[in-house]
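Engineer: Below is a structure I'd like to ask you about.
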Amino acid sequence: MLKQLTRVSGLLLLLTFWAPVVWSATDWQPIAETIHKSQNDPRQYQAIKLSNGMTVLLVSDANASKSLAALAVSVGSLQDPDGQLGLAHFTEHMLLMGSKKYPKPESLSEFLKMHGGSHNGSTASYRTAFYLEVENDALKEAVDRLADAVGEPLLDASYADKERNAVNAELTMARSRDGMRMGQVRAETLNPAHPGSRYAGGNLDTLKDKPGNSLHDALVNFYHRYYSANLMVGVIYSNKSLPELAQIASDTFGKIANHNAVVPPITVPSVTPAQQGIIIHYVPAEPRKQLRIEFAIDNNSAAFRSKTDTYISYLIGNRSKNTLSDWLQKEGLADGINAGADPMVQRNQGIFAISVSLTDKGLAEKDRVIAAIFNYLSLIRSQGVKKEYFDEIAHVLALDFRYPAVTRDMDYVEWLVDTMVRVPVDHVLDSPYLADQFDPQAIDSRLDSLTPEKARFWIISPNEPHNKMAYFVDAPYEVDKVPAAEFTQWQQLEGQVSLSLPMLNPYIPENLDLVNKSNAPVKPALIVNKKGLHVLYMPSHDFSGEPKADITLAFRSEQSLNTAKKQVLYGLNDYLTGVAFDQLSYQASIGGIGFATSPDNGLELNANGFTNHLPDLLSELVEEYPKVVPTPEQLEQAKSWYLERLASADKGKAFELALQPIQLISRLPYSEREVREKLVKSITLKEVVDYRKSLLDDAALEVLVVGNMTAPQVEKMVNNIEAKVKPRGTQFWRGSRIIIDRPKKVNMQRVGTSTDSALAAVYVPVGYDEVRSMGYSALLGQIIQPWFYSQLRTQEQLGYAVFAFPMPVGKQWGISFLLQSNSKQPKYLYERYLAFYPQVEKRLRDMKDAEFNQYKQGLLNEMLQNPQTMTEEVGRFSEDFSRGNDKFTTRAKVIAVIQGLTQKQLADFYHQAVISQTGFTMLSQVSGNDSKVHEYAAPSGWKTYSTTSSLQKTFPHQVNK
């Protein structure tokens, strides 16, 4: 009755609020269903139906510093015609190459960048989405450009080759990642009659004119067949009122034509018995060992309230005593296990997957792992379908929904339109969290389908047998049917495993009381200041209504990471303590508490979440941390993991490899991977245990607390921690930095691990301190990024990953240019950089005052906006916390620099950095591994270094104070 009364009251308010606009408008109507939102979400929501049939969700947010918009059409790669695979993705690109009202190809991107915004798009199997962000005052003009691009694109054939190349470059870059590679292998092993079995992304071979099949004709036909308002949903998000947003939606999205298009249903299954009961041996791009078990499931998106797949996944991933996860770890077979489902990835069907990160032993004994998984599924089937588990899940999800992270970015509106494609619009916000219909029959039915005979087993490791190469991504794999004898062996092994169902979680918060905070400060205050101990604290300024806190314990020590061996010991120790505390951290995470460790001039522990159990859990973690004694087997497991991580660092995308040396020269002291690799074998268990103890014993402790705790509570917690670990250090070590005080021109070059090449170029001038250079480089990057992208990506088609951005070396900032190309070598890329650089200076100096001020204000608006989450709020203090600036003034100083920055000053900064090269200049070149001749730029007077560490040693160093 209360729910019904609330609904009626809300409807009366809605009709009262909207009546004056509804009577005067015939081109849209409010949708009567109330949008179910969190009680702590301050935003207003309303869904409307435009006269063209398009549903648009409006979000009015008084605190929005920028506006957002998104549009999705319910068509994706599954609708690609056989003769032009990748056409949905190609269409996404071509729509933004000019429209009837805005014919310039870059009209949207240029407008957005001038108004502090940006845009992007994405093509999935079942939908294509476009989204943007922009200053509030420019919302209507921005959405009008997006709507015109989608509603009346020119589809100019003269841009087809450029966008074919862009699609090809994007997919070439992505094929170095296992996500895309496995996606293609998965497609090739599905039912050939299902459209999901085809290549989806597009490339120069699939997207081209063919006999009797013109690419441009296919593009136009595809667009007119599917790009219809009745297949679209949209979101408009701003600080404007709901009626204002409704009018904007009507004036923009409302102009998109409705052809009453229909997406034909897919009626064939994605997997038949021929594709079940198979083993897919897969060689990954990045070294890892994994068992993945996949099951085809029917699309159950409409049954989101029962959380059937969430229920099963929750029990599979649970790490309480003697559960599947606990047993796998204690047997030394796995680092972890998780499960999850996407019910819509094949439109009519989806995937339920169980993933296990294997140890060397687990890979060798994978049959035991498989047997244990099906033993556990049988246990859940016979004893585990219980209302008490469902209630625990519902309670956890309800807490997450009650205290949402109020995000205001393009990811949020992309998620909104994606969810609108999946569920009714009134449940677009709460569908991931709503669990109020316990359906044991649905759970039983799903469990009955999770059998070995219906499974698709992925065995993933660098040494897997293979006899095929997946199309385009060149991923080695092999497919074998599971022999009947193997099914029998798994059944026999199941009998050797004895597991238990999870205990109910003891860390789910019950006390959600708020600390009384009046006139909350805007930055932390030093509440304890004594030898070897600093404590900084503030109640949350922006999230005072959340019963949460963020706590950082920094054990600072000069000796913790000052040699290559200690860097290896840190990595091994981090893995081993992670395993030791896995059960605690998992249970805490379900209760809304997260733990993390990081190396910040010593050991840094962070805990964040609901404060009910947070201080006690953190104290327990710190007390037990030095007591962990791993077994010799676990140490070998850790060494294998560490070596795997070292190897994977060399398997990134070409642009990531190019950027690595520039980032690593600031990490003092840097030890080459080869050096650390040689040290791993000889490290003993005693050394690891002693090292872990020294991380706490020899450190000075610095604490930062933000959130729902009082100062006395913080002091009590810190006293308790200090009494347990008794750190003896007195110096708050801040690390050291390299200094740029004279011109230095350096080069590094290498062959990559993919076919793509890349070039990174960084320019850091002398004569600018940290704060000034941060402000100057931030604005410079904001202005020239779209120019660099437009020239080298859109016009010259040199690559898909094209970036210009601020970059620090030590504590001095400059500007960096980065491009990954699937067609050109670094030498040619550098020539094009050199041609571009003078154009930048001319445009900077010729820029109108109004345009310069527009860019500047856009950056300032971004920096002055309130944090969206408590994590972001804390993040604004973390750099100053690390450097010992307890006044927390760096951000304000940078903003002041930008506010006073003139056009001439910025152009002069660019000139000194890039044209005159008064300071540090570096090229980092990566040549694709399929090149017959590796062509590197070789500018006169530049010195080439073979390693990052040898380059680092040529800089003067200074200890940070």
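Engineer: Which residue, of PRO273, PRO269, PRO287, is without any contact (Cβ under 8 Å) to a residue 60 or more places away in the chain and under 30 Å from TYR376 (Cβ atoms)? Full working, then the answer.
Structural biologist: Values: PRO269 fails: without any contact (Cβ under 8 Å) to a residue 60 or more places away in the chain; PRO287 fails: without any contact (Cβ under 8 Å) to a residue 60 or more places away in the chain.
Going through PRO273, PRO269, PRO287 in turn, just one is without any contact (Cβ under 8 Å) to a residue 60 or more places away in the chain and under 30 Å from TYR376 (Cβ atoms): PRO273.
Engineer: Let me ask something additional. Working carefully through the options PHE401, PHE374, PHE390, PHE457, find the one that is under 30 Å from the mean Cα position of the chain (by Cα), more than 30 Å from ASP61 (Cα to Cα), assigned to a helix (DSSP H, G or I) and aromatic (Phe, Trp, Tyr). Let's see the steps before the verdict.
Structural biologist: Numbers: PHE401 fails: more than 30 Å from ASP61 (Cα to Cα); PHE374 fails: under 30 Å from the mean Cα position of the chain (by Cα); PHE457 fails: assigned to a helix (DSSP H, G or I).
The match here is PHE390.
Engineer: Quick check, is ASP426 not in a strand (DSSP E or B) and not hydrophobic (A, V, I, L, M, F, W, C)?
Structural biologist: Numbers: not in a strand (DSSP E or B): yes; not hydrophobic (A, V, I, L, M, F, W, C): yes.
Here the answer is yes, as ASP426 does meet what is asked.
Engineer: Kindly establish whether ASP82 is more than 17 Å from SER228 (Cβ to Cβ), of a type in the set (Asp, Glu) and either in a helix (DSSP H, G or I) or modelled with pLDDT under 95 (or both). Quick ask: steps written out before the conclusion?
Structural biologist: Numbers: more than 17 Å from SER228 (Cβ to Cβ): yes; of a type in the set (Asp, Glu): yes; either in a helix (DSSP H, G or I) or modelled with pLDDT under 95 (or both): no.
Criteria not met by ASP82.
Engineer: Looking at region 341-370, which of the residues that are among the polar types (S, T, N, Q) and touching a Lys or Arg at 6+ places or on another chain (Cβ under 8 Å) is surrounded by the most Cβ atoms within 10 Å (Cβ to Cβ)? Before the answer, list the steps.
Structural biologist: Going residue by residue through region 341-370, those that are among the polar types (S, T, N, Q) are 346, 348-349, 355, 357, 359.
Those still in the list that are touching a Lys or Arg at 6+ places or on another chain (Cβ under 8 Å) too: 355, 357, 359.
Details: SER355: 18, SER357: 17, THR359: 25.
It comes out as THR359.
Engineer: Kindly evaluate SER927 against the criterion of being of a type in the set (S, T, N, Q), under 24 Å from THR753 (Cα atoms) and surrounded by 16 or more Cβ atoms within 10 Å (Cβ to Cβ). Steps first, answer last, please.
Structural biologist: Values: of a type in the set (S, T, N, Q): yes; under 24 Å from THR753 (Cα atoms): yes; surrounded by 16 or more Cβ atoms within 10 Å (Cβ to Cβ): yes.
So SER927 passes the test.
Engineer: Within the group PRO547, PRO521, PRO539, which residue is touching a strand residue (DSSP E or B) at 6+ places or on another chain (Cβ under 9 Å) and without any contact (Cβ under 8 Å) to a residue 24 or more places away in the chain?
Structural biologist: Numbers: PRO547 fails: without any contact (Cβ under 8 Å) to a residue 24 or more places away in the chain; PRO539 fails: without any contact (Cβ under 8 Å) to a residue 24 or more places away in the chain.
One residue alone meets the criteria, PRO521.
Engineer: Turning to a different aspect of this structure: Please work out which residue is surrounded by the most Cβ atoms within 10 Å (Cβ to Cβ), limiting yourself to region 657-708 and to residues that are part of a helix (DSSP H, G or I), free of Cβ contacts under 8 Å to residues at least 24 places away in the same chain and not basic (Lys, Arg). Break it down stepwise before answering.
Structural biologist: We begin by selecting, within region 657-708, every residue part of a helix (DSSP H, G or I); these are 657-664, 673-680, 685-697.
From what's left, free of Cβ contacts under 8 Å to residues at least 24 places away in the same chain: 663, 674, 678, 686, 690.
Still in the running and not basic (Lys, Arg): 663, 674, 690.
Numbers: GLN663: 17, GLU674: 9, ASP690: 12.
Per the stated criteria, the residue is GLN663.
Engineer: Among the candidates ALA804, ALA835, ALA850, single out the residue that is assigned to a strand (DSSP E or B), without any contact (Cβ under 8 Å) to a residue 24 or more places away in the chain and of a type in the set (Gly, Ala, Ser).
Structural biologist: Values: ALA835 fails: assigned to a strand (DSSP E or B); ALA850 fails: assigned to a strand (DSSP E or B).
Only one candidate qualifies: ALA804.
Engineer: Does VAL771 satisfy the condition of being touching a residue at least 40 places away in the same chain (Cβ under 8 Å) and more than 16 Å from VAL914 (Cβ to Cβ)?
Structural biologist: Numbers: touching a residue at least 40 places away in the same chain (Cβ under 8 Å): yes; more than 16 Å from VAL914 (Cβ to Cβ): yes.
Here the answer is yes, as VAL771 does meet what is asked.
Engineer: Right, next: Can you pull out every residue in region 639-656 that is in a helix (DSSP H, G or I) and either buried (at least 18 other Cβ atoms within 10 Å of the Cβ) or in contact with a helix residue (DSSP H, G or I) (Cβ under 9 Å, 6 or more places away or on another chain) (or both)?
Structural biologist: Step one: of region 639-656, the residues in a helix (DSSP H, G or I) are 639-648, 654-656.
Across region 639-656, the qualifying residues are LYS639, SER640, TRP641, TYR642, LEU643, ARG645, LEU646, ALA647, ALA654, PHE655, GLU656.
Engineer: Moving on to the next point. If SER946 meets every condition in (1) in contact with a Leu (Cβ under 9 Å, 6 or more places away or on another chain); (2) of a type outside the set (D, E, K, R); (3) surrounded by fewer than 20 Cβ atoms within 10 Å (Cβ to Cβ) apart from one, which number is that one?
Structural biologist: The number of the failed condition is (1).
Engineer: Taking the options ASP930, ASP908, ASP886, name whichever one is among the acidic types (Asp, Glu) and assigned to a helix (DSSP H, G or I). Walk me through how you get there before you give the answer.
Structural biologist: Details: ASP930 fails: assigned to a helix (DSSP H, G or I); ASP886 fails: assigned to a helix (DSSP H, G or I).
Of ASP930, ASP908, ASP886, the one residue that is among the acidic types (Asp, Glu) and assigned to a helix (DSSP H, G or I) is ASP908.
Engineer: Quick one: how many residues across region 326-370 are in contact with a Gly (Cβ under 6 Å, 6 or more places away or on another chain) and in a helix (DSSP H, G or I)?
Structural biologist: Matching residues across region 326-370 total 2.
Engineer: Report yes if ASP409 is of a type in the set (Asp, Glu) and at pLDDT 95 or above, otherwise no. Before you say what the answer is, go through the steps one by one.
Structural biologist: Values: of a type in the set (Asp, Glu): yes; at pLDDT 95 or above: no.
No.
Engineer: Let me ask another. Go through VAL802, VAL766, VAL771 for me and flag whichever is surrounded by 20 or more Cβ atoms within 10 Å (Cβ to Cβ) and of a type in the set (A, V, I, L, M, F, W, C). Quick ask: steps written out before the conclusion?
Structural biologist: Numbers: VAL766 fails: surrounded by 20 or more Cβ atoms within 10 Å (Cβ to Cβ); VAL771 fails: surrounded by 20 or more Cβ atoms within 10 Å (Cβ to Cβ).
On inspection, the qualifying residue turns out to be VAL802.
Engineer: Continuing with this model, one more query. Just name the residue that is nearest to THR755 (Cα to Cα) out of those in region 176-197 that are in contact with a helix residue (DSSP H, G or I) (Cβ under 6 Å, 6 or more places away or on another chain) and of a type in the set (A, V, I, L, M, F, W, C).
Structural biologist: MET180
Engineer: Further question: Evaluate the following for PRO502: is it surrounded by fewer than 12 Cβ atoms within 10 Å (Cβ to Cβ), touching a residue at least 12 places away in the same chain (Cβ under 8 Å) and touching a helix residue (DSSP H, G or I) at 6+ places or on another chain (Cβ under 9 Å)? Spell out how you get there, then give the answer.
Structural biologist: Working: surrounded by fewer than 12 Cβ atoms within 10 Å (Cβ to Cβ): no; touching a residue at least 12 places away in the same chain (Cβ under 8 Å): yes; touching a helix residue (DSSP H, G or I) at 6+ places or on another chain (Cβ under 9 Å): yes.
Judged against the criteria, PRO502 is not a match.
Engineer: Kindly evaluate ILE266 against the criterion of being crowded, with 23+ Cβ neighbours inside 10 Å and either outside any strand (DSSP E or B) or of a type in the set (A, V, I, L, M) (or both). Give the steps one after another, and end with the answer.
Structural biologist: Working: crowded, with 23+ Cβ neighbours inside 10 Å: no; either outside any strand (DSSP E or B) or of a type in the set (A, V, I, L, M) (or both): yes.
No, not satisfied.
Engineer: How many residues are crowded, with 20+ Cβ neighbours inside 10 Å and over 20 Å from GLN383 (Cβ atoms) when one looks only at region 307-340?
Structural biologist: Number satisfying all stated conditions: 4.
Engineer: Looking at (1) among the hydroxyl-bearing types (Ser, Thr, Tyr); (2) surrounded by 15 or more Cβ atoms within 10 Å (Cβ to Cβ); (3) modelled with pLDDT under 95, can you tell me which one THR921 breaks?
Structural biologist: (3)
Engineer: How many residues are among the acidic types (Asp, Glu) and modelled with pLDDT of 95 or more when one looks only at region 561-586? Lay out the reasoning, then the answer.
Structural biologist: Within region 561-586, the subset among the acidic types (Asp, Glu) is 574, 582.
Cutting the leftovers down to modelled with pLDDT of 95 or more gives us 574.
The number of residues fulfilling the criteria is 1.
Engineer: Let me spell it out: the conditions are (1) assigned to a loop (DSSP other than H, G, I, E, B); (2) under 30 Å from ASP400 (Cα atoms), and ILE443 meets all of them except one. Which number is the exception?
Structural biologist: (1) is the only condition that ILE443 fails.
Residues are listed down the side, and each one gets a yes or a no for (1) within 19 Å of GLU873 (Cα to Cα); (2) assigned to a loop (DSSP other than H, G, I, E, B):
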position	(1), (2)
PRO521	yes, yes
ILE527	no, no
VAL535	yes, no
GLU546	yes, yes
ILE551	yes, no
ALA554	yes, no
GLN559	no, yes
GLN567	no, no
TYR575	no, no
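Engineer: Still on this model: Just to verify a result, which residue in region 720-763, among those that are in contact with a strand residue (DSSP E or B) (Cβ under 9 Å, 6 or more places away or on another chain) and in a helix (DSSP H, G or I), is surrounded by the fewest Cβ atoms within 10 Å (Cβ to Cβ)?
Structural biologist: Step by step, filter region 720-763, then rank; the result is GLU722.
Engineer: Okay, next question. From the residues in region 41-57 that are in contact with a Pro (Cβ under 9 Å, 6 or more places away or on another chain) and not in a loop (DSSP other than H, G, I, E, B), which one is farthest from ALA261 (Cα to Cα)? Don't jump to the end; show me each part of the working.
Structural biologist: Applying the first criterion (in contact with a Pro (Cβ under 9 Å, 6 or more places away or on another chain)) to region 41-57 yields 41, 46-49.
Narrowing the set further to residues that are not in a loop (DSSP other than H, G, I, E, B) leaves 46-49.
Details: GLN46: 25, ALA47: 22, ILE48: 20, LYS49: 17 Å.
Across region 41-57, the extreme among qualifying residues is GLN46.
Engineer: Restricting region 881-895 to residues that are modelled with pLDDT of 95 or more and basic (Lys, Arg), which is surrounded by the fewest Cβ atoms within 10 Å (Cβ to Cβ)?
Structural biologist: LYS887
The values are calculated or read from the model by the stated rules, or taken from the named source; none is laboratory data. In this text the structure is predicted, and so the values were computed from the model without any measurement. All Cβ positions, even for glycine, are placed from backbone atoms using ideal geometry, and neighbour counts span all protein chains on display.
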